[in-house]
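Structure, as structure tokens:
The numbers here are math on the coordinates, done by the rules we state, and not lab data. Everything numeric in this text was worked out from a predicted model, so none of it was measured. Note that we place each Cβ from the backbone using ideal geometry, even for glycine, and neighbour counts take in every protein chain shown.
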Amino acid sequence: MGNCCALLKSIMGFATEDFIIQEEHDGRLPKQKKVKVVFVLGGPGSGKGTVCAKIVEQFGYSHLSSGELLRKEIKAGSEHGTMIQNMMNEGKLVPSDITVRLIQKAMQETDNDKFLLDGFPRDEENVRTFEKLTRIEPDFILFLDCPEEEMTKRLLSRNQGREDDNIETIKKRFRVFQESTLPLVNYYASKGKVRKVDAARPVEDVFESVKTIFSSANEQGA
Ligand code: AP5
Ligand code: MG
């Protein structure tokens, strides 16, 4: 796919971003699908899923949660199901190849050009694999900043039957977030791409801040 993009760019002057999700059709030019992507990052229980549902309603994005896609994969009885389940129960990161392919497939199957990637990317390998497979650069990163104490309280009272919502696994999830994901947030911040929100407030207040960010992104055509 990379070679195809490079070739088209050199011959026809197209930007690679114009061929983000490519589908080959009988050797004809790939079908173009130019997309807008926002990465939604934050610790476990920071409210990523909650806020994404609200952004979908108000701004028409499609919401793809890497955690949800992985849970669906387990339920569907995929060949990797047991391995994914074990890693999630340990709060560890599932191999990028699996996660990115699930995201890419979901994007290809969705008839929308605006995506919220919730909980993705979580480490550098996620980013590298995603860029290699899709050539997509995010428009910006929405970062939900929330103290661990508040996140712990939320996760322990969530009651949705998630096997990873127990105190031992929650602590491991926090550690992975600190060690692998926060450095990524800092990297994107150094490129001026992070929009940080205080996520320790009530849902409606958090969403007020988020609305301002997305409204301004819309105005700027970002
Ligand atoms: P994932 O499913 O993404 O879990 P997570 O990141 O730990 O986050 P949660 O879904 O638990 O919380 P959230 O931030 O969405 O908060 P929510 O809105 O639900 O990932 C699970 C696992 O999958 C990972 O540990 C890893 O193993 C694997 N994985 C996922 N992505 C991966 C990737 N990219 N690469 C490799 N592996 C990956 O809110 C939580 C609760 O708080 C709810 O009850 C909600 O009602 C409440 N709440 C929300 N906002 C507020 C608020 N402002 N005030 C009060 N309560 C609130
Ligand atoms: Mg979630």
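Observations on the structure shown:
- Extension gain from K193 to N112, taking 0.36 nm per residue of separation minus the Cα-Cα distance: 26.9 nm
- Per-peptide packing, taken as the mean over residues of other Cβ atoms within 10 Å, places 118-126, 153-161, 199-207, 62-70 in the sequence 118-126, 62-70, 199-207, 153-161 from highest down.
- Applying the Kirkwood pairwise sum to the alpha-carbon positions of the stretch 75-154 produces a hydrodynamic radius of 14.6 angstrom.
- For the stretch 158-222, the residue among N186, A200, G161 whose Cα projects farthest onto the positive side of the dipole built from Cβ charges is N186.
- Remark: spin-label model distance D97-K75 equals 2.7 nm, labels positioned 7 Å along the Cα→Cβ axis.
- Note on K171: lysines with a C-alpha under 17 Å away, same-chain residues under 8 apart excluded, are K92, K153.
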